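Engineer: Have a look at this one before I ask anything.
The values are calculated or read from the model by the stated rules, or taken from the named source; none is laboratory data. Everything numeric in this text was worked out from a predicted model, so none of it was measured. Ideal geometry is used to build each Cβ from the backbone, glycine not excepted, and the neighbour counts take in all protein chains shown. Only protein heavy atoms, including side chains, enter the accessible area calculation; ligands, DNA and RNA are left aside. Shrake-Rupley method; radii C 1.70, N 1.55, O 1.52, S 1.80 Å.
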Amino acid sequence: LLVLASLFSGTGMTAYAAQGSLPGETLYPVKTFVEDVRLNLTTDPDARYGAAHTLGLIGDQRAIQPLIAVLIDPEEEVRFWAAAALGRLNAVQAIGSLAKLLKDPSKQVQTAAREALERIGTPQAAEALRKAKKPDWWPF
């Protein structure tokens, strides 16, 4: 809590300075931390899907767990960008959660989940895709 207060109190200069940092730079962990916080704490859907999209572009494996957590977000755009980001990150740990999105009410979210699983490309991801193509009544 103290870290959050110091990052966001006053002028927020540390968080602001970290916005443009890249992997390997000193402030890069601050940038990914701020994005994780925005993703998980904000009530603004635009900020949540912006954070999900940005975390995918950053390419840091530490973003995987926060992205998995928001795959159940009530906003379609957040689920879409989180699924797409997990595909870009080749997040093997997200296969089960992405497989559940193959039955999401949103066709866009289903497509993002399918593309993420295809991009991950492991035998487990292929199995999840194969199972999703079967009709519910199929016995095998």
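Engineer: Ala69 - would you say it is of a type outside the set (Asp, Glu), under 12 Å from the mean Cα position of the chain (by Cα) and buried (at least 22 other Cβ atoms within 10 Å of the Cβ)?
Structural biologist: So Ala69 fails the test.
Engineer: Is it fair to say Gly50 is surrounded by fewer than 21 Cβ atoms within 10 Å (Cβ to Cβ) and within 22 Å of Pro29 (Cα to Cα)?
Structural biologist: yes
Engineer: Moving to a separate point now. Suppose we filter Glu115, Glu127, Glu77 for residues that are open to solvent by 20 Å² or more (accessible area, probe 1.4 Å), touching a Gly at 6+ places or on another chain (Cβ under 8 Å) and either in a helix (DSSP H, G or I) or of a type in the set (Ser, Thr, Tyr) (or both); which single one remains?
Structural biologist: Just one listed residue meets the conditions, Glu115.
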